[in-house]
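A.B. asks: Take this structure, written in structure tokens, and hold onto it; I'll ask about it next.
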Amino acid sequence: MMEHLSTTPTLISDWQQNRYLTYPHCNGFSRDGESILLGQLRANCAGIYRRHLVSGDIQLLAEFDCPAIGWIAFDVALAADVVAVIVDQKLWILDVYGSHQPRCIYEFDIAPLATWDFLEKGLQPIPSISKDGQKVIVGVTLEWGTRVLCIDVTTGSVEQYIEKPFWLTHAHFCPHQESWIGFCHEGAAESIHDRVWGWHESLAPEGRVLFNQKAKQNGESLCVGHERWCFHEATALVVAYGRGISPFGPCGLYRVGPDAKGQGELIRESDRYWHCNISRDGRWAVVDTTGPYDADGTGWDNSEKVSDVLAIDIDTGAERWLARSRRSRQQTSHPHPTFSPDGSTVFYNQASDCGRYCRVLSVPLKL
């Protein structure tokens, strides 16, 4: 039986502000855990705001012309109040506190790709910054494949980590062991049979597939995605999307890692999970869903734009319903739940009825 947490969510922002959380595998909190950073979309610009979680005080950190993809993602260093953000082929660094102006430390020359008609050509929109705020990894999409670059924040020097002849995205540091980088083979989940990868300079210099998705009997593949590294160990969580999307099961939340030889461990079976995240102590996971968790059907069946937010006990696999949210097609209006640094609270996005606006809410993990 599903455990229900009966409480009223707390509003962190409202529809008019149109604010949202950063991407799930990125950090959106200050080092002291007292403030959360939120993106904001306006008609012609995109901003990053810092909100104090107790006082509610708001400060604009930076504002940019609205990028071509329509939104911005950012990542805050876990042990330094330094933020990385990518906007239209430029990597910017800014500070969580203080009044320092954003500084551009890297710009990708898009000119050689100008004739290639693809939305995400060039510098990919989601950066990953190291704990100490000294390095940023970025993906670069080229006509023939993808490169992952590491950029030194102080000097601006660039080191290439890996390149692959396919569309590679979601490159990010493993916060427990930063020598491991995670990334994914991007594309339609139905046709990608090697989604989750890891890279290590000496242990996996050409990259290594971390999750064997294929069924032994017929070669069909689980449809998986939205992977993210854990904080407490060098493993990652990944969602196998429900039957109706995946051709077989069990579907749900899996744990994978470099030492598991591609064999994922099923934490909780479900045909509704979508995005996932994990608390910093590794005790709890949180997911959003592709429809009401208690509705008939699998995957997107009977979804009605509903996305529930569920907590999962990593040790027992027990589920706890936290909140009912609403999604839209916009990237920033996916719920994308995330834990506060102390693990006591879950934050999530909610789309407006029309789907054009977003607000952020929070709910305690326990009463």
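The values are calculated or read from the model by the stated rules, or taken from the named source; none is laboratory data. Treat the numbers as computed from the prediction; the structure is a model and nothing was measured. FYI the Cβ positions are ideal-geometry reconstructions off the backbone, even for glycines, and counts take in every protein chain you see. The area values use the complete protein model at the heavy-atom level, side chains included, leaving out ligands, DNA and RNA. Shrake-Rupley method; radii C 1.70, N 1.55, O 1.52, S 1.80 Å.
A.B. asks: Output the residue which, of all residues in the range 329-353 that are open to solvent by 30 Å² or more (accessible area, probe 1.4 Å) and in contact (Cβ under 8 Å) with a residue 24 or more places away in the chain, is farthest from TRP274 (Cα to Cα).
C.D. replies: ASP342
A.B. asks: Give me the residue from the range 272-297 that is acidic (Asp, Glu) and open to solvent by 30 Å² or more (accessible area, probe 1.4 Å) and, out of that set, farthest from the chain's Cα centre (by Cα).
C.D. replies: ASP296
A.B. asks: For the range 213-271, how many residues are of a type in the set (Lys, Arg), farther than 20 Å from TYR23 by Cα and either touching a Lys or Arg at 6+ places or on another chain (Cβ under 9 Å) or buried (at least 19 other Cβ atoms within 10 Å of the Cβ) (or both)?
C.D. replies: So the count comes out to 1.
A.B. asks: Can you work out which of the residues in the range 311-328 that are crowded, with 21+ Cβ neighbours inside 10 Å and free of Cβ contacts under 8 Å to residues at least 40 places away in the same chain is nearest to the chain's Cα centre (by Cα)?
C.D. replies: Here the answer is ARG327.
A.B. asks: Follow-up question, since we're still on this one. Quick check on the range 6-22. Is at least one of its residues at pLDDT 95 or above, over 30 Å from GLU319 (Cβ atoms) and of a type in the set (Ser, Thr, Tyr)?
C.D. replies: no
A.B. asks: What are the residues in the range 74-100 that are aromatic (Phe, Trp, Tyr), at pLDDT 95 or above and open to solvent by 10 Å² or more (accessible area, probe 1.4 Å), if any?
C.D. replies: Selection gives TRP92 alone.
A.B. asks: Related question: Any idea how many residues of the range 10-67 are outside any loop (DSSP other than H, G, I, E, B) and open to solvent by 30 Å² or more (accessible area, probe 1.4 Å)?
C.D. replies: 10
A.B. asks: Next up: Tally up the residues in the range 329-364 that are among the hydroxyl-bearing types (Ser, Thr, Tyr) and assigned to a loop (DSSP other than H, G, I, E, B), please.
C.D. replies: We begin by selecting, within the range 329-364, every residue among the hydroxyl-bearing types (Ser, Thr, Tyr); these are 332-333, 338, 340, 344-345, 348, 352, 357, 362.
Next, only the ones that are assigned to a loop (DSSP other than H, G, I, E, B) stay: 340, 344, 352, 357.
Number of matching residues: 4.
A.B. asks: Now for a different question. Are there strands (runs of 3 or more DSSP E) fully within the range 134-197 with at least 2 residues that are open to solvent by 70 Å² or more (accessible area, probe 1.4 Å) and at pLDDT 95 or above? List them.
C.D. replies: 158-164
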